[in-house]
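Below: one structure, written as structure tokens.
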Amino acid sequence: MKIISLALVLGASMAMVACGTPQSEFGVYRQSDGTVGVHAPKSAKDTEAQAAAAEECKKLGKRGATIVETRKTVNDRFPMTYIFVCNNY
């Protein structure tokens with residue numbers, strides 16, 4: 001009986017932790033040429049995409065991100081892709 005109740009408590013706590021973590025709205029990725037790409041949702045603004053890229057650049061030891069290119073995609077979920085270069089300004 002103790003094992004069953006322990007398993008129930010453990011399962012419930014794992015479910016609560018999993019539900020408490022929000023998913024990012026942006027798809028941020030590093031490219032082989034050193035730039036950072038951001039797939040932005042429909043409701044996103046350019047400044048929000050730049051903030052997401054700046055966070056990724058901070059992981060690389062850089063201070064900020066400057067936009068290099070903007071592309072429209074055929075993806076309904078992420079209709080815009082932004083390309084940023086990380087810098088140390």
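The values are calculated or read from the model by the stated rules, or taken from the named source; none is laboratory data. All values reported here derive from a predicted model rather than from experimental measurement. Cβ coordinates were reconstructed from backbone atoms using ideal geometry, including for glycine residues, and neighbour counts include every protein chain displayed.
When Ala65, Ala54 are screened for being in a helix (DSSP H, G or I) and modelled with pLDDT of 90 or more, only Ala54 passes.
Residues of region 36-49 that are surrounded by 17 or more Cβ atoms within 10 Å (Cβ to Cβ) and more than 9 Å from Met80 (Cβ to Cβ): Val36, Gly37.
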